[in-house]
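Here the structure is laid out as C-alpha cells; the discussion comes afterwards.
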Amino acid sequence: MSSVASQQRVLSGMRPTGRLHLGHYHGVLKNWVRLQHEYECFFFVADWHALTTHYDNPAAIESATLDMVVDWLAAGVNPKSATLFVQSTMPEHAELHLLLSMMTPLGWLERVPTFKDQQEKLKEKDLATYGFLGYPLLQSADILLYRAGLVPVGADQVSHVELTREVARRFNHLYGREPGFEEAVNAAITKMGKKAAKVYLDLRKRYQETGAEDALEVAQALVRDQQNITLGDKERLLGSLEGSGKIILPEPQALLTPAAKMPGLDGQKMSKSYGNTISLREAPEDVDAKIRKMPTDPARIRRTDPGNPDVCPVWQLHEVYSDDSVKQWVQQGCRSAGIGCLECKRPVIEAINAELIPMRERGMAFEESPDLLRSILSEGAERARDVAADTLADVRQALGLAYRR
Ligand code: TRP
Ligand code: SF4
C-alpha cells in the first residue's frame with residue numbers, strides 16, 4: 001500500500017488498563033466508533049508500551065488486555081469495520097522499532113516532554129531504562145508500520161506524533177533515493193501529460209526556490225488527482241517536490257481527541273485513580289446505587305433547602321446526559337427546592353443505564369466466549385500483517401536488508 005492510498009488510514013493504540021469506564025467511552029471510544037465508519041481503521045492494544053512502565057508486574061498485562069478489548073467491542077467498535085489486534089502478536093512492530101532506532105538521535109528521545117514528565121510522576125519506579133526512553137519511538141514504529149495518515153490521540157500524545165513525523169522525514173531523506181530516481185521522476189512527469197507536467201514543474205520550481213507552502217500544496221493535490229499514473233509514480237512525484245526522494249514512510253498527522261468532559265461521581269474528572277468511575281459493564285442496580293450515593297450541593301441539607309446546581313456534581317452529569325427541558329427542570333426545581341435530590345438523580349440514572357445496558361449485553365457475549373475474542377484478535381493480526389509486511393519489505397529494501405524474501 002502506498003502513501004497516497006493510505007491518506008485515509010487511521011491507527012491508534014491504547015495501553016491495556018483493564019476494564020474501561022464512561023470517561024474512556026465519552027473521550028476515546030465514541031470517537032473510534034465514529035471513525036471506523038469513515039476510514040480504514042487499525043486499533044491495537046499497546047501491551048509492549050505497558051511493559052515499559054510495568055515490567056515489574058507483567059502478569060497483570062494479559063488479563064488487562066483481554067478485558068479492555070471486550071470493552072472496545074462492548075462500546076461498539078466493530079471488528080468487521082476496524083482491524084483489532086494486540087501489539088505483541090506482531091513482531092513486525094519490534095523489527096521496525098529496531099531499525100528506526102539506528103537513525104534516531106538520542107537527543108530527540110530525551111527531549112520528548114513525556115520522558116521527563118513520566119519519570120517525575122512515577123518516581124517510585126526506575127524508568128531510567130532503555131525501553132522507556134524508546135517508548136515514543138516504539139509508538140512511531142506502530143504508526144509508520146501501517147503508513148497511517150491520521151492518528152487519533154489525546155493532547156499528551158501529540159509530541160509523540162510529532163516525533164514520528166521527524167523520524168519519517170529523516171528516514172525518507174536518508175534512504176528514499178532509489179537508483180535512477182531522477183530518471184524515474186522525469187518519466188512520471190511525462191506520463192502526466194503536457195499541461196499537468198508544466199504546472200507541476202512550475203510549482204516545484206517555485207516551492208524549491210521560495211519555500212512557498214501554497215505551491216507545495218497545490219502541486220501535491222495535482223499529483224494526487226492524476227488518474228493515469230501508478231501509485232509508485234505518484235510517490236516519486238511527491239517525493240521529488242520536497243527534494244527528498246521517494247517517500248517510504250509518509251508523515252502522519254495527529255487527530256486530536258477533544259479532552260473528555262466526563263465528570264466522575266465526585267465531580268472531579270472520571271478516573272480510576274480517583275475511584276469515582278462507572279465502568280462500561282456496570283450492572284444497572286450498581287449504577288443506581290452509585291448515583292444515589294453521589295454527593296450533592298452540601299448546602300442542601302434538608303429537602304426544603306434550595307440548592308445550587310453550579311456546585312453540584314449531579315448537575316455536571318445532567319450537562320452530559322440531559323436535554324434542555326430536563327436541564328431547565330433541574331435548574332428551576334433545585335433553586336426553588338421544588339424537587340428533591342433523589343428525584344433529580346433519576347433521569348441521570350436512566351440515561352446512563354440506557355447507554356450501558358446494550359453495551360453490557362454486547363460485552364457479555366464476548367466475555368462468555370474467549371474463543372470468539374481470540375479469533376477476532378488473530379484475524380485482526382492477520383490483516384494487520386498484510387499491511388505491515390508491505391511496509392517492512394520496502395524498509396528492508398531501502399536499508400539493503402532484502403535477503404529475506
Ligand atoms: N502511547 C499511547 C497512549 O499512552 C498509546 C499508543 C501506543 C499509541 N502506540 C500508539 C497511540 C500509536 C496512537 C498510535 O495513549
Ligand atoms: Fe444537585 Fe439536583 Fe440536588 Fe440540585 S436537586 S443539589 S442539582 S442533585
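On the basis of being at pLDDT below 95, in a helix (DSSP H, G or I) and either among the hydrophobic types (A, V, I, L, M, F, W, C) or within 16 Å of ligand 2 (Cβ to nearest atom) (or both), does ALA381 make the cut? If you could, list the steps in order and put the result at the bottom.
On the way: at pLDDT below 95: no; in a helix (DSSP H, G or I): yes; either among the hydrophobic types (A, V, I, L, M, F, W, C) or within 16 Å of ligand 2 (Cβ to nearest atom) (or both): yes.
For ALA381, the condition - at pLDDT below 95, in a helix (DSSP H, G or I) and either among the hydrophobic types (A, V, I, L, M, F, W, C) or within 16 Å of ligand 2 (Cβ to nearest atom) (or both) - is not met.
Taking VAL70 as the residue in question, decide whether it is touching a residue at least 40 places away in the same chain (Cβ under 8 Å), of a type outside the set (Lys, Arg), closer than 23 Å to ARG19 by Cβ and not in a helix (DSSP H, G or I). Quick ask: steps written out before the conclusion?
Details: touching a residue at least 40 places away in the same chain (Cβ under 8 Å): yes; of a type outside the set (Lys, Arg): yes; closer than 23 Å to ARG19 by Cβ: yes; not in a helix (DSSP H, G or I): no.
No.
Specify the residue that is nearest to ligand 2 (Cβ to nearest atom); the eligible residues are those in the range 25-45 that are outside any strand (DSSP E or B), over 13 Å from GLU355 (Cβ atoms) and open to solvent by 40 Å² or more (accessible area, probe 1.4 Å). Working first, answer last.
Applying the first criterion (outside any strand (DSSP E or B)) to the range 25-45 yields 25-39.
Now drop any that are not over 13 Å from GLU355 (Cβ atoms), which leaves 27-28, 31-32, 34-39.
The next check asks that each one be open to solvent by 40 Å² or more (accessible area, probe 1.4 Å); those that pass are 28, 34, 37-39.
On the way: VAL28: 28, ARG34: 31, HIS37: 36, GLU38: 37, TYR39: 40 Å.
Here the residue is VAL28.
List every residue pair whose Cβ atoms lie under 7 Å apart, where the two residues are 6 or more positions apart in sequence or sit on different chains, the first residue falls within the range 335-360 and is away from ligand 1 (no atom under 16 Å from the Cβ), and the second residue, located anywhere, is in a helix (DSSP H, G or I) and of a type in the set (D, E, K, R).
Going by the 7 Å Cβ cut-off, the qualifying pairs are LEU342/ARG292; LYS345/ARG292; ILE349/ASP288.
Has the range 51-59 got any residue that is at pLDDT 95 or above and in contact with an Asp or Glu (Cβ under 9 Å, 6 or more places away or on another chain)?
There is no residue in the range 51-59 that is at pLDDT 95 or above and in contact with an Asp or Glu (Cβ under 9 Å, 6 or more places away or on another chain).
Consider ILE339 carefully, then state whether it is near ligand 2 (Cβ under 10 Å from one of its atoms) and outside the structural domain of LEU73 (by TED's automatic domain parsing).
Values: near ligand 2 (Cβ under 10 Å from one of its atoms): yes; outside the structural domain of LEU73 (by TED's automatic domain parsing): yes.
So ILE339 passes the test.
Of these, ASN172, ASN228, which one is assigned to a helix (DSSP H, G or I), at pLDDT below 95 and either surrounded by fewer than 14 Cβ atoms within 10 Å (Cβ to Cβ) or not acidic (Asp, Glu) (or both)?
The conditions single out ASN172.
Can you tell me which residue is farthest from PRO263 (Cα to Cα) among those in the range 281-336 that are of a type in the set (A, V, I, L, M, F, W, C) and not in a helix (DSSP H, G or I)?
Going residue by residue through the range 281-336, those that are of a type in the set (A, V, I, L, M, F, W, C) are 283, 287, 289, 291, 294, 299, 301, 311-312, 314-315, 317, 320, 326, 329-330, 334.
Among the residues that remain, those that are also not in a helix (DSSP H, G or I) are: 283, 294, 299, 301, 312.
On the way: ALA283: 19, MET294: 12, ALA299: 21, ILE301: 23, CYS312: 11 Å.
The extreme case among them is ILE301.
For the range 143-169, which positions are within 16 Å of ligand 1 (Cβ to nearest atom) and open to solvent by 60 Å² or more (accessible area, probe 1.4 Å)? Can you show your working first?
First pass over the range 143-169, keeping only residues within 16 Å of ligand 1 (Cβ to nearest atom): 143-168.
Those that are within 16 Å of ligand 1 (Cβ to nearest atom) and open to solvent by 60 Å² or more (accessible area, probe 1.4 Å): ALA155, ASP156, GLU162, GLU166.
The values are calculated or read from the model by the stated rules, or taken from the named source; none is laboratory data. As the structure is a prediction and not an experimental result, all values here were calculated from the model. Reconstructed Cβ throughout: ideal geometry from the backbone, glycine too, with neighbour counts over all protein chains shown. Only protein heavy atoms, including side chains, enter the accessible area calculation; ligands, DNA and RNA are left aside. Shrake-Rupley method; radii C 1.70, N 1.55, O 1.52, S 1.80 Å.
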